[in-house]
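The values are calculated or read from the model by the stated rules, or taken from the named source; none is laboratory data. Everything numeric in this text was worked out from a predicted model, so none of it was measured. Backbone-built Cβ (ideal geometry, glycine too); neighbour counts: all protein chains shown.
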């Protein structure tokens with residue numbers, strides 16, 4: 001018998017001016033929390049942050065609203081996780097919102113890459129013939145090879 005279940009979803013949509021709208025939602029027996037970030041592209045800077053709490057265990061949870069706005073201006077690049085932890089961890093923060101932001105925001109880079117790839121490859125037009133796509137060749141996520149969004153963020157980008 002399951003005692004506890006939590007669902008976390010992340011959706012990334014195209015916004016205005018090539019921006020990305022990153023929405024993460026956590027639902028369990030105690031919570032229904034949604035974090036929405038408007039992320040610039042190119043640049044991967046958080047332009048706006050919005051938290052919606054449809055269900056929380058305490059009225060004090062709503063105190064996080066102004067703290068979440070401090071995400072505005074952060075760049076999703078080297079040091080992002082540390083900055084988010086500094087803003088949202090501890091007694092002045094919310095571990096649930098912290099986890100949603102850390103899980104979702106970096107996916108904006110993945111979504112931008114997918115959008116760029118869609119513009120490069122032929123599409124299956126639904127006529128019953130499958131289009132063979134070539135094996136992807138690693139490319140920088142930005143058209144500028146000197147762009148260092150991912151440098152220093154992980155083992156793949158030292």
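Among the candidates 87, 20, 74, the residue that is at pLDDT 95 or above, farther than 21 Å from residue 9 by Cα, in contact with a helix residue (DSSP H, G or I) (Cβ under 6 Å, 6 or more places away or on another chain) and buried (at least 18 other Cβ atoms within 10 Å of the Cβ) is uniquely 74. Looking only at residues in the range 50-75 that are in contact with a strand residue (DSSP E or B) (Cβ under 7 Å, 6 or more places away or on another chain), touching a residue at least 24 places away in the same chain (Cβ under 8 Å) and not in a loop (DSSP other than H, G, I, E, B), the one that is farthest from residue 93 (Cα to Cα) is 75. The number of residues in the range 9-49 that are part of a strand (DSSP E or B), in contact (Cβ under 8 Å) with a residue 12 or more places away in the chain and under 13 Å from the mean Cα position of the chain (by Cα) comes to 22.
Residues in the range 76-92 that are assigned to a loop (DSSP other than H, G, I, E, B) and at negative phi: 76, 77, 78, 89, 91, 92.
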